[in-house]
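These notes concern the structure reproduced below.
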Amino acid sequence: MRWDALFTDLEAQLHSASVAHREGEIRDRTRTEQSRVTMSQRLIAQIGRHLSVSTRGGRTVSGLVTNVGSAWVSLVVEGRSVVVPFTAVQVLRELDRVAGQPLTGVEARLGFGSVLRELSRDRSVVALWLGSPAAQVIGVIERVGADFLELGLSSAGQDRRSSQGREGLTIPFTSIDTVDAAHSGA
């Protein structure tokens, strides 16, 4: 009878070690999978939900997530679209714990310049919030380069389609905290 107890004890130890090894392997695989999740995947899962973004320039923007690119998120805030480049994000609040699928194809290439080129094409008047301390400039995006934009400053009554006589600024993307534009219904 003593031998039966010994074998039962050894079987229990072996089973316990096997379960512990399997649980450890599952934890390792889970951590590995989580390490591959990108910010855009986390934000894609938030489309249609409310989100609060604190930026490095000191702004807090809260609104409905409408679109996500590979390097930016767009929210509707009080009737206007606000685009926040990931480089300006300091803290995100109110996120679900889920992640969406990775961006693929054309979507994966929709960087911050892509959304700025769309605003430029539409000749939208935008308010650019720049770095820290926060400063705001208002105008029309005249041209978008690889890592900068040229903004024609707006003044009251000026035709937004014409850049003649308009003072212009060249602004690197890295200086942009957020871009506020009129809501397009997105």
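The values are calculated or read from the model by the stated rules, or taken from the named source; none is laboratory data. Predicted model only: the values in this text are computed from it and were never measured. Backbone-built Cβ (ideal geometry, glycine too); neighbour counts: all protein chains shown. The accessibility values were calculated without ligands, DNA or RNA, using every heavy atom of the protein model including side chains. Shrake-Rupley method; radii C 1.70, N 1.55, O 1.52, S 1.80 Å.
Within segment 74-98, the set of residues being closer than 21 Å to Ala181 by Cβ and open to solvent by 60 Å² or more (accessible area, probe 1.4 Å) comprises Glu78, Arg80, Thr87. Here Leu128, Leu103 are screened, and the one residue that is open to solvent by less than 40 Å² (accessible area, probe 1.4 Å) and at pLDDT 95 or above is Leu128. Among all positions in segment 138-154, there is at least one residue which is open to solvent by less than 60 Å² (accessible area, probe 1.4 Å), modelled with pLDDT under 95 and not in a strand (DSSP E or B). In contact with a Ser or Thr (Cβ under 8 Å, 6 or more places away or on another chain), surrounded by fewer than 16 Cβ atoms within 10 Å (Cβ to Cβ) and not acidic (Asp, Glu), is that true of Ala108? Yes, satisfied.
Just so you know, in segment 92-124 the residues that are closer than 14 Å to Val73 by Cα and among the hydrophobic types (A, V, I, L, M, F, W, C) include one that is farthest from the chain's Cα centre (by Cα), and it is Leu116. Looking at this structure, is Arg27 over 23 Å from Ala127 (Cα atoms), modelled with pLDDT of 75 or more and not aliphatic (A, V, I, L, M)? Against the criterion (over 23 Å from Ala127 (Cα atoms), modelled with pLDDT of 75 or more and not aliphatic (A, V, I, L, M)), Arg27 does not qualify.
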